[in-house]
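Structure first, commentary second.
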Amino acid sequence: AEITRKDQFLFIQVQGQPIIQLLPQTETQFFIQEVGATLVFITNEKGEFTEVVLHQSGKDIPLSRVK
């Protein structure tokens, strides 16, 4: 999955799927309405985003950050 920012909005695209806008719930938690999932951005002690956890269908799937 690739997460991108355009202006003040975040989007996610899974390979071969359409781009979907992430809807903010909190500063670090976003909802994906089309698939009923939540993304939670995890930060380190410096406040930098290090990973994202996808919560969907009762599963937690960690997604590592690729620079």
At most 12 other Cβ within 10 Å, DSSP loop - trypsin sites (Lys or Arg not before Pro), the stretch 1-66:
K46, R65
Hey, any idea what % of the chain's accessible area is carbon plus sulfur with a 1.4 Å probe?
50 percent
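State, as an integer percentage, the relative contact order of the chain based on alpha-carbon contacts under 8 Å between residues 6 or more apart.
Computed value for the chain: 16 percent relative contact order.
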Between V35 and R5, the FRET efficiency computed from the C-beta separation at R0 = 25 Å comes out, to the nearest 0.05, as 0.80
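So what's the chain giving for Cα Rg divided by 2.2 N^0.38 Å, two decimals?
1.07
Quote to one decimal, in nm, the extra length available between I42 and L23 on full extension: 0.36 nm per residue of separation minus the C-alpha distance between them.
So the extension gain works out to 5.2 nm.
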Average accessible surface area per residue within the chain, 1.4 Å rolling probe, Å²:
79 Å²
Sparse-neighbourhood loop hits (GluC sites (Glu not before Pro), the stretch 18-67; DSSP loop; Cβ within 10 Å at most 13 others) -> E27, E34, E45, E48
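The values are calculated or read from the model by the stated rules, or taken from the named source; none is laboratory data. All values reported here derive from a predicted model rather than from experimental measurement. As a convention, Cβ positions derive from the backbone with ideal geometry for all residues, glycine included, and neighbour counts pool all protein chains shown. Accessible surface is based on the protein model in full, side chains and every heavy atom, while ligands, DNA and RNA are left aside. Shrake-Rupley method; radii C 1.70, N 1.55, O 1.52, S 1.80 Å.
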